[in-house]
Amino acid sequence: MAEEGWEPKIVAFCCNWCSYGGADTAGMGRFQQPASTRVIKVMCSGRIDPLHVFNAFLEGADAVLVTGCHIGDCHYVNGNEKTEVRYEFLEEMLQQLGLEPDRLHLNWISASEGERFANFITDVTAKVKELGPSPLKPAGVK
Amino acid sequence: MTEQEAITNEESEEVRIGAFICECGVNIAGAVDCNAVADYISTLPNVVTSVVNKYTCSDAGQAEIKNAIKDLNLNRVLVASCTPKTHEPIFRACVEEAGLNQYLFEFVNIREHCSWIHMWEKEDATKKAKELVRMGVARAALLEPLQSSEVPVTDAALVIGAGVTGMQAAMDIADMGHKVYLVEQGPSIGGKMAQLDKTFPTNDCSICILGPKMVEVARNENIEIMSYSEIDEVDGYVGNFKVKVKHKPRYLNIDECTGCGLCTEKCPVEVPYVEFDEGIGTRKAIYTPFPQAVPLRALVDKSICIDCGACIKACERGAIDMDQQETFSELDVGVIVVSAGFDVYDPEPNHDFGFGLYDNVITTMEFERLINASGPTMGKVVRPSDVKPPKRIGFVQCVGSRDKNSNIYCSSFCCMASLKNAQLLKEKYPDTEVYIMYMDMRTPFRMYEEFYNRARDMGIRFIRGRPAEVTENEDHNIIARIEDTLTNEIVNLELDLMVLSVGAVSPESTETVRQILKVSRAADGFMMEAHPKLKPVDTTLDGIFIGGMTQGPKDIPYSISQGSACAARATRFLAQGKALTEGITAKVDEDICVACGVCVPMCPFQALSIEDDKLKILTALCKGCGTCMAACPTGALEQSHFKNEQLLAQVKNVFAYGEV
Ligand SMILES: Cc1cc2nc3c(=O)[nH]c(=O)nc-3n(C[C@H](O)[C@H](O)[C@H](O)COP(=O)(O)OP(=O)(O)OC[C@H]3O[C@@H](n4cnc5c(N)ncnc54)[C@H](O)[C@@H]3O)c2cc1C
Ligand code: SF4
Ligand code: SF4
Ligand code: FES
């Protein structure tokens, strides 16, 4: 179990056209959420390389979020369909490394879905808090 | 020094970052201790200066950035403020003015992504802001200059949907001297306004003011109307859209048909006219849409045609061609305006207020057709059950609007529409008892509150409350049980006809267009603008604009204003004749690439191919999504501005050893 007052650190990859906008809309709507998450913007969720996700875990992420446009809405036709395929592969790899499934999430969030974004962050943060720090987190990392 | 040399020079220099932390008044400073952020950032490698501004985007703030670039010889600039969606272009232009390549600018969002979502956790918010800026500093150090390319703009516009909004947009663009293709899915232009009887707040006849406008559109030499047509595919980007339009078969030669109607007279098949008369009147299998239609041409409804050949015999011009197939045109346009309008909310599935159960419960759109002098009853208001004139009529407001069970938004035109119809009834049949059952009457804008007062003066009765229960008696009269929340009384109102004031919803056909164009969808289902205040008719996509009901519920004056706004915004590109495209594309390192071809099928735009054992990138086709490089097993592919090392530097700097 996690020590008292421990806050998880979550890395969220967001695409420029949808989920980054969703995070913006959450802000505009003042939807409060835990300060656990750091957004990294890419143009399309299709840019998110499994390497980036592994790396985030190796650097110390307690959870990683892969997000993009709803299927059918990708600004580049179908980048997110490729994301979906890569995500399945990622899920399997991480399970073999002994990571709990709740540390990796895929979610499609449109630019208008601010509340959905905020709820997502709130839910994942709560789940990861239950789990405690990631087993892959190097010692001393905050 | 050439530009290329200048760029190479910048590259070889030591990295000198200037960081500007914006307080945004109290928007950021209210939750984030900006001075603490600036202090922390000043300790990071490569940071030459780190300052706090009250408003970085103001003239003074921008001047400070430009001066610092010159005085401190900065070669990277980072601003930590609001969202790049609105402010990145401003700061990019600012650094360019001071001689720095715009791609050497880094934006960190500490408002939407920090101060506004952690409003009461000052400590957490400040710590997070420090880390977000630290990530940005790491990324900034690795940024490389890029050139955005200037592309020529095709001098033509596409307008999708020819309601009053699209007509206005098309006319304004055409009058500024540009070619417009006006694509309308229905057989006539005009949209919903063509169906209305009168229009508030002046109660002038709708088709009498719309009809001449429709003729004007048809006459305009710069406008090419493509009626009964739909958008099939759209490819390209601002300045250079390639559009495939599908022309549905009318089963007659539109150049031969004169709209005389001889065919219609002879056609033996008659069905309720749902598309225009809301099923109250009828039409034949071959019909012209309505007397003022533009183009005034017939069409055949093949789903009910019995192939008797009567129309073919009747047509004196041999216009009918029952073997006609759908055809396609390819258009090149520089800009696109979407004005695809709305549908009215359908109360049938949930039987709202007895709709669909009792004959004498109808919608306002049906009522518009009933009271319309050129409608199926010649303007005589009768009720469906016995075709008798109703003596007691009640309007129920907010049906399908402001309701958790259907749509939470206000449709905005329906209060005024019911006030209008109630007034028209009183004028036509002074003895009729007219009731409006409402939650709130909403009448902003010029002459609207006066319009409401006029309705009160005319003796229209307002009941604050909506029916909790609706039943029907043996005479097919409607009994509405309402709690009047002004008098605290339960009223059992017996009505001969009850009219549901239905709101607006975004139609499914619009959803198809939205997905083809990749315009965002707002929470209410309508298309989403780039910014709710600053860019009400822009989308996040350069060169694509939205107006009228497509962007959300609104009345005719507002729709027309947005049509003109779309025209003005769109014509900027056409008038300039050129547009800038992002410099973000795929790049291959030929020394690493083994020409395995794994990336080739990943590209949605066919920008990649293997030729002579080498990967070839057609940069003109690449839109810089980055999907290919995530598949490359060797790491030979890179996306400029989102290089692996840049993204990984951000990842690394999420985490810190020791205290921030
Ligand atoms: C009952 C009722 C009464 C009203 N009364 C008034 C009034 O008195 N005064 C007032 O100011 N406002 C009134 N309004 C509101 C008014 O109807 C709208 O403001 C106006 O019609 C909006 O115009 P528009 O062009 O944006 O949309 P629309 O009128 O819906 O036009 C959109 C057009 O686009 C076409 N289209 C849709 N999808 C596609 C596609 N995929 N491809 C090509 N074409 C497409 C449609 O066929 C249509 O012709 C009323 C509305 C209702 C429902
Ligand atoms: S840059 Fe953004 S955050 Fe700063 S003042 Fe302007 S609007 Fe506010
Ligand atoms: S970045 Fe996207 S558009 Fe460009 S080549 Fe790669 S997959 Fe195609
Ligand atoms: S652009 Fe959002 S997933 Fe492709």
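So which helices (runs of 4 or more DSSP H) are wholly in segment B:205-324 and hold at least 2 residues that are under 32 Å from the mean Cα position of the chain (by Cα), small (Gly, Ala, Ser) and surrounded by fewer than 22 Cβ atoms within 10 Å (Cβ to Cβ)?
Once the helices (runs of 4 or more DSSP H) in segment B:205-324 are filtered for at least 2 residues that are under 32 Å from the mean Cα position of the chain (by Cα), small (Gly, Ala, Ser) and surrounded by fewer than 22 Cβ atoms within 10 Å (Cβ to Cβ), what remains is B:206-219.
Select from segment B:35-57 the residues that are under 42 Å from the mean Cα position of the chain (by Cα) and either within 16 Å of ligand 3 (Cβ to nearest atom) or open to solvent by 40 Å² or more (accessible area, probe 1.4 Å) (or both) and write down the one among them that is nearest to the other protein chains (Cβ to nearest Cβ).
Residue satisfying both the conditions and the ranking: B:Cys57.
Which residues, taken from segment B:471-527, are part of a loop (DSSP other than H, G, I, E, B) and either in contact with a Lys or Arg (Cβ under 6 Å, 6 or more places away or on another chain) or of a type in the set (Val, Ile, Thr) (or both)?
B:Thr485, B:Leu486, B:Thr487, B:Asp496, B:Val519, listed by residue number.
So if I check each of B:Asn488, B:Asn492, B:Asn477, which one is open to solvent by less than 50 Å² (accessible area, probe 1.4 Å) and over 25 Å from B:Tyr409 (Cα atoms)?
Exactly one of B:Asn488, B:Asn492, B:Asn477 is open to solvent by less than 50 Å² (accessible area, probe 1.4 Å) and over 25 Å from B:Tyr409 (Cα atoms), namely B:Asn477.
How do the pairs read when you match residues in segment B:425-451 that are of a type in the set (D, E, K, R) with residues anywhere that are crowded, with 18+ Cβ neighbours inside 10 Å and in a helix (DSSP H, G or I), using Cβ under 7 Å and keeping only pairs 6 or more apart or on different chains?
That search, which allows pairs on different chains as well, returns B:Arg442/B:Cys415.
Among all residue pairs at least 6 apart or on different chains, which show Cβ distances below 7 Å where the first residue, located in segment B:602-626, is away from chain A (no Cβ under 14 Å) and among the hydroxyl-bearing types (Ser, Thr, Tyr) and the second is in a strand (DSSP E or B) and open to solvent by 30 Å² or more (accessible area, probe 1.4 Å)?
B:Ser609/B:Lys616
Within segment B:532-548, is even one residue more than 14 Å from every other protein chain (Cβ to nearest Cβ), closer than 22 Å to B:Ile393 by Cβ, open to solvent by less than 40 Å² (accessible area, probe 1.4 Å) and in a loop (DSSP other than H, G, I, E, B)?
no
Of everything in segment A:50-75, what is more than 8 Å from chain B (Cβ to nearest Cβ) and out of contact with any strand residue (DSSP E or B) (no Cβ under 7 Å at 6 or more places or on another chain)? Give them in sequence order.
Selection gives A:Phe54, A:Leu58.
In the list B:Pro532, B:Pro553, which residue meets the criterion of being free of Cβ contacts under 8 Å to residues at least 24 places away in the same chain and either farther than 27 Å from B:Gln102 by Cα or out of contact with any Ser or Thr (no Cβ under 9 Å at 6 or more places or on another chain) (or both)?
The conditions single out B:Pro532.
Working only within segment B:268-300, note down all residues that are touching a residue at least 24 places away in the same chain (Cβ under 8 Å) and of a type in the set (Asp, Glu).
B:Glu275, B:Asp277, B:Glu278
Quick test for you: out of A:Gly22, A:Gly5, pick the one residue that is more than 7 Å from chain B (Cβ to nearest Cβ), more than 28 Å from B:Ile584 (Cα to Cα) and either of a type outside the set (Asp, Glu) or open to solvent by 10 Å² or more (accessible area, probe 1.4 Å) (or both).
The match here is A:Gly5.
When only residues in segment B:177-192 that are within 23 Å of the chain's Cα centre (by Cα) and open to solvent by 20 Å² or more (accessible area, probe 1.4 Å) count, which is nearest to ligand 3 (Cβ to nearest atom)?
That would be B:Tyr181.
Does any residue in segment A:27-49 that is facing chain B (nearest Cβ under 7 Å) and farther than 20 Å from B:Glu645 by Cβ come within less than 6 Å, Cβ to Cβ, of a residue that is of a type outside the set (Gly, Ala, Ser) and in a loop (DSSP other than H, G, I, E, B) six or more places away or on a different chain, and which pairs are these?
Once the first residue is facing chain B (nearest Cβ under 7 Å) and farther than 20 Å from B:Glu645 by Cβ and sits in segment A:27-49, its partners that are of a type outside the set (Gly, Ala, Ser) and in a loop (DSSP other than H, G, I, E, B) give A:Gly27/B:Trp116; A:Gly27/B:Ile117; A:Arg30/B:Trp116; A:Gln32/B:Ile117; A:Gln33/B:Ile117; A:Ala35/B:His118.
Those residues that are within 16 Å of ligand 4 (Cβ to nearest atom) and outside any loop (DSSP other than H, G, I, E, B), I need them from segment B:556-610; list them, please.
Hits for segment B:556-610 are B:Ala586, B:Met602.
The values are calculated or read from the model by the stated rules, or taken from the named source; none is laboratory data. Since we're looking at a predicted model, the values are computed, not measured. Positions of Cβ are generated from backbone atoms using ideal geometry, with glycine treated the same way; all protein chains shown enter the neighbour counts. In case anyone asks, the SASA skips ligands and DNA or RNA and just uses the protein heavy atoms, side chains included. Shrake-Rupley method; radii C 1.70, N 1.55, O 1.52, S 1.80 Å.
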